[in-house]
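First the structure, in the form of structure tokens, and then the observations on it.
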Amino acid sequence: MAHRLRLTISLFLLALLLSCQTGALPSAVPPSATPTALQPGPTLPSITLAPTAIATVTPTPIATLPPQELNGQTIEFWHPWPGAAAIQAQAMAEEFNASNPWGIRVQVRALGGNAALSDAAALALATGTAPDLIASTPDQINAWQKAGIPLVNLTPYLQDPTWGLSAAQQAEFYPTFWLENSNETGQWSVPALRTARVIYYNQTWANELGFPNPPRTPKEFRNIACASARSLRLDANPDNDGLGGWVLDSDALTLLGWLWAFDWQGIPATDNQTYTFQSSQAQAAFEFWRGLLDQNCAWVNRSVTPNQAFANRQAILFTGEAGDLSLQSRLMARANNQDAWVILPFPTQAQTSLLLTHGQSYALFASTPPRQLAAWAFTRWMLETSQHARLAQAADGLPLSHSAWELLSTVRSTQTAWQPLMQSLEAARPAPALASWRTVRHLLEDAAWQLRQPYSSQEKIPAILQQLDAMSQEVQP
């Protein structure tokens, strides 16, 4: 088993390094209705840069630019968002183009996924045609910085008394999101869009089975999954035997959620340190994951998507993206399924909520002072509460700030599926922002694939964890 896992992972890594790809977000279907509009924010002031140093950072000074040097600047903005989020981002860029006082024009390029964005950026950086502004994952931004790619330190812009954001404005953002690309050298990105890896949960079905409350622990999750699978085995329809329960998936974020649910602490603090998978907590998480399969409380989906299986009442639980909430609503309506359902954070052994978040942040590639400033002008406009709330609404994303939470709470007050998640923002825990996570996540997915195979068993778990440790050390950047 260990040799097979090492071979499988090694081949996967070779393909990964050749393609230089990262994992893509699931695509979303644009909503059938136009999202409720949120009002645009105020126009930006005229510009006079006078950077102010913070206690631990002395940014490179940026020369004060006469406002006329910004006139007519054209910048490129690249992002990975599909569907409704892409439509909204384009509309917002056009609104900024029409309203900003300097005549700055933003040209938007939608790449349709994190992997495609990473590939396009790699080619552009190699040929000297990088965009001015990019929305990318924190781990990718850290990888660029680690590789010496010239990113713009945003500290001078943020701290400028006229052009930046005040301490109160910065404090409005949830620190979990704001600090993902911040270190002792400065602020290298600011949050753009966040979503979460969540559990879709059928409340109506669970109530019928005698579970009036959502699962608070992995044990309660297993009990609900097993009860629903048993109910299908015992009904009069033989075609649904083996279904019900949880739709098993091997996404790295799903496994990370379960690892953290069992209090695994193996993520290193920096890229210079190593991951530690061999631990009692990781052993327990993998035993739980494999145990659901062994006990016929989870099943591997091959014929329909997990979203469709949930809509068909073939699964009471599945793990997916919060950004697919609108898609799920449409699938439920199409299947004429009137069940009440919600999206939940991961349950933990401590009976606390674990909201595993991920997404993109804005980063600027170094160019010329006028173009960098123009890119920051658009970025700062997008950071206004009304703007980032509009983008989050279109993408079924999380609010980035307390003020956006208030706006979105009003808009989503009738969407009961959102309520458990909106109440869990303070428990948000972001996916690793380490450059090494871009590779280690694929090792984790490959290990999960091995674990779910018919020839595997819980007895194989120690060997798999040992191989994860060995391989993660070998691929440290």
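The values are calculated or read from the model by the stated rules, or taken from the named source; none is laboratory data. If you're wondering where the values come from, they're calculated on a predicted model, not measured in any experiment. A quick note on method: Cβ atoms are made from the backbone with ideal geometry, for glycine too, and the neighbour counts reach across all protein chains shown. SASA here: full protein model, heavy atoms, side chains in, ligands and nucleic acids out. Shrake-Rupley method; radii C 1.70, N 1.55, O 1.52, S 1.80 Å.
Of note:
- Relative compactness, segment 403-477, computed as alpha-carbon Rg over 2.2 N^0.38 Å: 1.69
- Segments 121-129, 262-270 sorted - mean Cβ within 10 Å per residue, highest first: 262-270, 121-129
- Loop GluC sites (Glu not before Pro), segment 108-199 (other Cβ atoms within 10 Å of the site Cβ: 10 or fewer; DSSP): Glu184
- Between Pro156, Gly320, Thr357, the Cα set farthest toward the positive side of the dipole of the chain (charges on each charged residue's Cβ, about the Cα centre) is that of Gly320.
- Averaging the Cα positions of each part gives two centres, and for segment 69-126 and segment 401-454 these lie 25 Å apart.
- Shape of segment 269-324, Cα gyration tensor, a/c cut at 1.5: oblate
- Each Lys and Arg contributes +1 and each Asp and Glu -1, all at the Cβ; summed about the Cα centre of the chain, the dipole is approximately 480 debye.
- Counting only protein chain heavy atoms and rolling a 1.4 Å probe, the accessible areas of Ser472, Ser280 rank, largest first, as Ser280, Ser472.
- Given charges at Cβ of Lys, Arg, Asp, Glu: the chain dipole, positive-most of Pro138, Trp381, Asn114: Asn114
- Helical content alone sets the calculated 222 nm signal of the chain at -13000 deg cm²/dmol, taking -39,500 (n - 2.57) per DSSP H segment of four or more residues and averaging over every residue.
- Cα-Cα P(r), segment 345-477, percent of pairs per 5 Å interval: 2, 8, 12, 12, 13, 14, 12, 11, 8, 5, 2, 1, 0
- Taken over the Cα atoms of segment 195-353, the convex hull encloses 120 Å³ per residue.
- In segment 229-324, a dipole from Cβ-located charges (positive for Lys and Arg, negative for Asp and Glu) runs towards its positive end, and of Gly291, Leu253, Ser231 it is Ser231 whose Cα lies farthest in that direction.
- The smallest convex shape that holds all Cα atoms of segment 298-399, its convex hull, gives 180 Å³ per residue.
- Each Cα pair under 8 Å and six or more residues apart adds its sequence gap; the mean of these over the residue count of the chain is a relative contact order of 25 percent.
- In this Cβ point-charge picture (+1 for Lys and Arg, -1 for Asp and Glu), segment 69-141 has a dipole of about 100 debye about its Cα centre.
- Dipole magnitude of segment 112-241 about its Cα centre (Cβ charges: Lys, Arg +1; Asp, Glu -1), debye to nearest 20: 400 debye
- Against the empirical 2.2 N^0.38 Å (N residues), segment 243-286 has a Cα radius of gyration ratio of 1.34.
- Globularity index of segment 385-444, i.e. its alpha-carbon radius of gyration over 2.2 N^0.38 Å: 1.39
- The Cα center of segment 208-243 and the Cα center of segment 309-328 differ in position by 16 Å.
- Solvent-accessible surface of segment 230-340, taken per residue with a 1.4 Å probe and all protein chains present: 41 Å².
- For segment 437-477, the spread of Cα positions along the three principal axes, ordered from largest to smallest, is 33, 15, 10 Å.
- Taking amide H as placed 1.01 Å from N in the peptide plane, the amide H of Gly244 sits under 5 Å from that of Ala315, each at least 5 places away or on another chain.
- Ellipsoid fit via the Cα gyration tensor, segment 171-255: semi-axes of 41, 14, 10 Å, each the root of five times an eigenvalue, largest first.
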